[in-house]
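The values are calculated or read from the model by the stated rules, or taken from the named source; none is laboratory data. Keep in mind the model is a prediction, meaning the values are calculated, not measured. Cβ sites come from the backbone with ideal geometry, for glycine too, and all protein chains shown count toward neighbours. These accessible areas exclude ligands, DNA and RNA; they are computed on the full protein's heavy atoms, side chains included. Shrake-Rupley method; radii C 1.70, N 1.55, O 1.52, S 1.80 Å.
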Amino acid sequence: SQTIHQWPATLVQPVGSPLSLECTVEGTSNPNLYWYRQAAGRGLQLLFYSVGIGQISSEVPQNLSASRPQDRQFILSSKKLLLSDSGFYLCAWSKIRTTGEKLFFGSGTQLSVL
Amino acid sequence: DQQVKQNSPSLSVQEGRISILNCDYTNSMFDYFLWYKKYPAEGPTFLISISSIKDKNEDGRFTVFLNKSAKHLSLHIVPSQPGDSAVYFCAAVGGFKTIFGAGTRLFVKA
């Protein structure tokens, strides 16, 4: 069966510090991968998605970046965190898109930037 | 610009009654619509979906209705149970992207 791992579960970082969140998927190959963020009291905002190694599409211009160094690994990074980067970050995967495939989400990372 | 809107931030329902969660969208190119359920500090989990070529899909206690002309969909839960208390997200799929609404928090009172 397929599983998705996302870590860490919680993270407290000072403003201006770097960030690296990692997500890996097991039990499938060539997944589509996604990073979403849920700010306090708000919905899920799509940040990045990837349909293959090295292929990254950005949805929201900001100081975050994403990379996909391996087929089942997706990394979210920042060189300098802002207060507004606080939120609940979710990694997700789906099968290669054919007809509205559902997303499978990780357990999330609660990031607090102080 | 919000392409998927859930205008009710919360809904409270008595156990055993029907819960109706609503969602509106603006982009007529969406080809699939899904509902996800989310508990605090967890990732959302898929609940039910509907293709844009259908107007109803049913799975046990959950039914999703789609009105394409009104660009509106709704999720019906009947009978509602206390374990259904969670945040429900409406989502629309177009191409590789899934766009989510802001969510509706459902409270089912025993």
Nearest 100 Å² is fine: how much accessible area is buried between B and A, summed over both sides, with a 1.4 Å probe?
-> 1600 Å²
Take chain A, connect every pair of alpha-carbon atoms lying under 10 Å apart with a spring to form a Gaussian network, then pick out the residue of A:Q73, A:Q45, A:Q62 with the largest mean-square fluctuation.
-> A:Q62
Please state the relative contact order of chain B as a whole percent: Cα pairs under 8 Å, 6+ residues apart?
-> 37 percent
Using a 1.4 Å probe on the protein chains only, how many percent of the accessible area of the protein assembly as shown belongs to carbon and sulfur?
-> 51 percent
Phi-derived 3J(HN,Hα) across the stretch A:103-113 with the Karplus relation (6.51, -1.76, 1.60, θ = phi - 60°), rounded Hz, x for Gly and Pro, is 9, 10, 9, x, 7, x, 10, 8, 9, 10, 9
Theoretical FRET efficiency, 1/(1+(r/R0)^6), r = Cβ-Cβ of A:S1 and A:S107, R0 22 Å, to 0.05 | 0.85
Threshold 20 Å², the stretch B:17-45 residues less accessible with all protein chains present than alone (1.4 Å probe) = B:Y32, B:L34, B:Y36, B:K38, B:A41, B:G43, B:P44
Provide, for the protein assembly as shown, the number of lysine pairs with alpha carbons under 20 Å apart, each pair being eight or more places apart or on different chains.
-> 25
How many Å² of accessible area per residue for chain B, probe 1.4 Å?
-> 49 Å²
For the stretch A:1-104, what is the accessible area per residue in Å² when the probe is 1.4 Å?
-> 48 Å²
